[in-house]
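These notes are about the structure you will find just below.
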Amino acid sequence: FIEKTTGTKAGRERILKSIIGQLPVTEKQAEYLHLESHQRISPALEECCLRLSATVSYKNAEKALPKYTGIKVSEKTLQRIVERHEFPEEEVRETIKEISLDGGKVRSLNGDKRRIVRLERLQGDPGR
């Protein structure tokens with residue numbers, strides 16, 4: 001169906017992992033579909049990986065993904081997908097006056113670096 005959609009089958013062929021299985025895609029077809037030259041995972045499967053990685057650990061996402069899609073993606077690949085994805089900055093509408101968190105992990109943005117901070121207990125306002 002890719003050949004019918006793109007109207008071509010010219011170019012060197014590569015395999016693209018997608019939510020419907022592995023698909024052979026040629027260079028010209030990839031260009032028509034706006035896929036990067038190094039991209040081996042379809043945008044829809046990449047979105048599934050991002051959503052699953054946001055809710056569980058990479059290890060658990062690696063185990064769960066084949067149950068949902070039938071496609072295996074390694075823990076390291078899931079991590080690479082998340083790290084290379086451009087997350088939009090959220091617009092802050094008002095100043096935070098108080099925060100309360102009891103046990104959990106928080107993703108902290110420090111300049112261009114992202115890191116996960118484990119918090120045991122944090123309460124109160126920033127003024128203290």
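With a 1.4 Å probe and all protein chains left in place, how much of the accessible area of region 37-96 comes from carbon and sulfur atoms, in whole percent?
Within region 37-96, the accessible surface is 50 percent carbon and sulfur.
Rounded to the nearest whole Å², what accessible area per residue is found for region 3-52 with the 1.4 Å probe?
Per residue, region 3-52 has an accessible area of 67 Å².
Pop the C-beta distance of ASN60 and GLU27 into the FRET formula with R0 = 22 Å and round what comes out to the nearest 0.05.
Numbers: r = 36 Å, r/R0 = 1.62.
Efficiency at R0 = 22 Å is approximately 0.05.
The values are calculated or read from the model by the stated rules, or taken from the named source; none is laboratory data. What you see is a predicted model, and the numbers here were worked out from it, not measured in a lab. Cβ: placed from backbone, ideal geometry, glycine included. Neighbour counts: every protein chain shown. Ligands, DNA and RNA are stripped out before the accessible areas are found, and what is left, the full protein with its side chains, is counted by its heavy atoms. Shrake-Rupley method; radii C 1.70, N 1.55, O 1.52, S 1.80 Å.
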